[in-house]
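Trainee: The structure is given below, and queries will be raised subsequently.
The values are calculated or read from the model by the stated rules, or taken from the named source; none is laboratory data. These numbers were taken from a predicted model, which means no experiment stands behind them. Quick reminder, even Gly has a Cβ in these numbers, built from the backbone with ideal geometry, and neighbours come from all protein chains shown.
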């Protein structure tokens, strides 16, 4: 079920009430979370709950086995085995169709036909997120950063936690597991922060993201004959949509978790204020970027094996990070673009250590890469990209164009003002710390906007497909 669905608005209060009724028993609360999470996930497709349970049980047993093994080489081999099993499951469900299509295309060039045992593979929602979370847990157990959890109910609650199950953030066991192992304290400050995060997140999704989504969809329709204005507007609309949409999910996840006494990591920190590609990736999808750094870039050698190897590691990490989002060469190209931007920045700083670009120049260059990247991210194929780029040779202003710009300004300006306020205060919760009267006015405006638009969103959260 989606956070912005009527079903969730009924489901969550019931869970919240039952959770507080179980306050005297930590084990009962954890069991409730595990059961509620399975119901939440099964709502998408009940068959997928068996896959999630498999990941949980394998992760639970694998961690205990790795920890109990005394021989260091066997520990490493066991880790490699279970990481490979996790990736094998992810690869089968997420990349089998991609592999089949590319093999079939290659064989067709040779005049050969291919036959496959499966017509199509159902992509389980959230598999990329909970797969990476389980891998991080196993690696951290192997490295001695965390102790394996021996209580299956506690581990099941951690491994299925519905607030962040299907679109993150990708939590580390060192941060989240202790919160399942000890009684949670629900404070007034935590409730106020949780309510703000949920309301602001709902505004970002229902009002901001869904308002510009239609303009992005029009531009990127494969059969749509368009012109340059529509391509530009669609790309900018998608630039806003993907941030509003994904940030909304992360904020609601953090807010709903707050109301249960949990503290999830921040997944976004005003990324469109960034003045470099490196800063962008410190602010965008933080839980994934740090995962890629700690579990891919650094194991590859990071920047410890010379300049050429550093650049290669950056490119490998970003291309694989692109493919993590989906089985498409456009995602790989998106990752490659960001990898090249990181390499160019690194090379520039090495060659010209005393040159500091003005913030406005750095922001313009960074956002140019980001916007072009979102174009690559959104197109469905290279043929579609070529057709859209071919439309840039004609510009005809129409009423649609005026409506698109007005819509982007109508939702973009309020979000910018809130984020500018957060930046000035150095506090992502700055709005929640307002005095009672202005805070009540702000919440009333947001809630009125949400209720005015809340009639059943036709747009699922974008990151559900990843």
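Trainee: So which residues in segment 66-82 are assigned to a helix (DSSP H, G or I) and either buried (at least 16 other Cβ atoms within 10 Å of the Cβ) or under 21 Å from the mean Cα position of the chain (by Cα) (or both)? Give the steps one after another, and end with the answer.
Mentor: Just the residues of segment 66-82 that are assigned to a helix (DSSP H, G or I), to begin with: 66-68, 72-82.
Those that are assigned to a helix (DSSP H, G or I) and either buried (at least 16 other Cβ atoms within 10 Å of the Cβ) or under 21 Å from the mean Cα position of the chain (by Cα) (or both): 66, 67, 75, 78, 79, 82.
Trainee: Right, something else. Considering every residue within segment 390-401, establish whether at least one is surrounded by 17 or more Cβ atoms within 10 Å (Cβ to Cβ) and closer than 30 Å to residue 9 by Cβ. Before you say what the answer is, go through the steps one by one.
Mentor: Filtering segment 390-401 down to residues surrounded by 17 or more Cβ atoms within 10 Å (Cβ to Cβ) leaves 391, 401.
Filter once more, keeping what is closer than 30 Å to residue 9 by Cβ: none.
No, that holds for no residue.
Trainee: I'd like to know if segment 446-453 contains one or more residues that are part of a loop (DSSP other than H, G, I, E, B), more than 29 Å from residue 332 (Cα to Cα), touching a helix residue (DSSP H, G or I) at 6+ places or on another chain (Cβ under 7 Å) and modelled with pLDDT under 90. Can you show your working first?
Mentor: Just the residues of segment 446-453 that are part of a loop (DSSP other than H, G, I, E, B), to begin with: none.
Within segment 446-453 (the criterion being part of a loop (DSSP other than H, G, I, E, B), more than 29 Å from residue 332 (Cα to Cα), touching a helix residue (DSSP H, G or I) at 6+ places or on another chain (Cβ under 7 Å) and modelled with pLDDT under 90), the answer is no, since none of the residues qualifies.
Trainee: What about residue 252, is it outside any helix (DSSP H, G or I), in contact (Cβ under 8 Å) with a residue 12 or more places away in the chain and crowded, with 21+ Cβ neighbours inside 10 Å?
Mentor: On the way: outside any helix (DSSP H, G or I): no; in contact (Cβ under 8 Å) with a residue 12 or more places away in the chain: yes; crowded, with 21+ Cβ neighbours inside 10 Å: yes.
Here the answer is no, as residue 252 does not meet what is asked.
A quick yes/no check of all residues on (1) surrounded by 13 or more Cβ atoms within 10 Å (Cβ to Cβ); (2) within 23 Å of the chain's Cα centre (by Cα); (3) under 23 Å from residue 138 (Cα atoms):
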position	(1), (2), (3)
24	no, no, no
57	yes, no, yes
85	yes, yes, yes
111	no, no, no
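Trainee: Can I ask one more? Would you say residue 164 is surrounded by 23 or more Cβ atoms within 10 Å (Cβ to Cβ) and either at pLDDT below 95 or within 30 Å of residue 140 (Cα to Cα) (or both)?
Mentor: Numbers: surrounded by 23 or more Cβ atoms within 10 Å (Cβ to Cβ): yes; either at pLDDT below 95 or within 30 Å of residue 140 (Cα to Cα) (or both): yes.
Taking the combined requirement at face value, the residue satisfies it.
Trainee: Here is a follow-up. Name the one entry in 12, 60 that is assigned to a helix (DSSP H, G or I), over 22 Å from residue 152 (Cβ atoms) and touching a residue at least 24 places away in the same chain (Cβ under 8 Å). Working first, answer last.
Mentor: Working: 60 fails: over 22 Å from residue 152 (Cβ atoms).
Checking each option against the conditions leaves just 12.
Trainee: Could you list, in sequence order, the residues of segment 1-19 that are in contact with a helix residue (DSSP H, G or I) (Cβ under 9 Å, 6 or more places away or on another chain), within 21 Å of residue 185 (Cβ to Cβ) and surrounded by fewer than 17 Cβ atoms within 10 Å (Cβ to Cβ)?
Mentor: 16, 18
Trainee: Something else about it: I'm trying to understand the selection: among the residues of segment 359-390, which are at pLDDT 95 or above and not in a helix (DSSP H, G or I)?
Mentor: Matches in segment 359-390: none.
Trainee: Restricting attention to segment 178-224, which residues are in a loop (DSSP other than H, G, I, E, B) and touching a residue at least 24 places away in the same chain (Cβ under 8 Å)?
Mentor: Filtering segment 178-224 down to residues in a loop (DSSP other than H, G, I, E, B) leaves 182-187, 220-224.
Once the filter is applied, which keeps residues that are in a loop (DSSP other than H, G, I, E, B) and touching a residue at least 24 places away in the same chain (Cβ under 8 Å), segment 178-224 yields 182, 183, 184, 185, 186, 220, 222.
Trainee: Answer yes or no as to whether residue 463 is assigned to a loop (DSSP other than H, G, I, E, B) and under 30 Å from residue 45 (Cβ atoms).
Mentor: Considered against the rule, which asks whether it is assigned to a loop (DSSP other than H, G, I, E, B) and under 30 Å from residue 45 (Cβ atoms), residue 463 comes out as no.
Trainee: Scan segment 151-172 and give yes if some residue there is more than 25 Å from residue 49 (Cβ to Cβ), without any contact (Cβ under 8 Å) to a residue 60 or more places away in the chain and in contact with a helix residue (DSSP H, G or I) (Cβ under 9 Å, 6 or more places away or on another chain), otherwise no. Break it down stepwise before answering.
Mentor: Restricting attention to segment 151-172, the residues satisfying the condition of being more than 25 Å from residue 49 (Cβ to Cβ) are none.
Checked against the condition, which is being more than 25 Å from residue 49 (Cβ to Cβ), without any contact (Cβ under 8 Å) to a residue 60 or more places away in the chain and in contact with a helix residue (DSSP H, G or I) (Cβ under 9 Å, 6 or more places away or on another chain), segment 151-172 yields no hits at all.
Trainee: Continuing with the same structure: When the residues of segment 260-280 are filtered to those that are farther than 18 Å from residue 368 by Cβ and either in the same structural domain as residue 174 (by TED's automatic domain parsing) or surrounded by 20 or more Cβ atoms within 10 Å (Cβ to Cβ) (or both), which remaining residue is nearest to the chain's Cα centre (by Cα)?
Mentor: The qualifying residue nearest to the chain's Cα centre (by Cα) is 267.
Trainee: So, residue 44, is that one within 30 Å of residue 459 (Cα to Cα), at pLDDT below 95 and in a helix (DSSP H, G or I) or not?
Mentor: So residue 44 fails the test.
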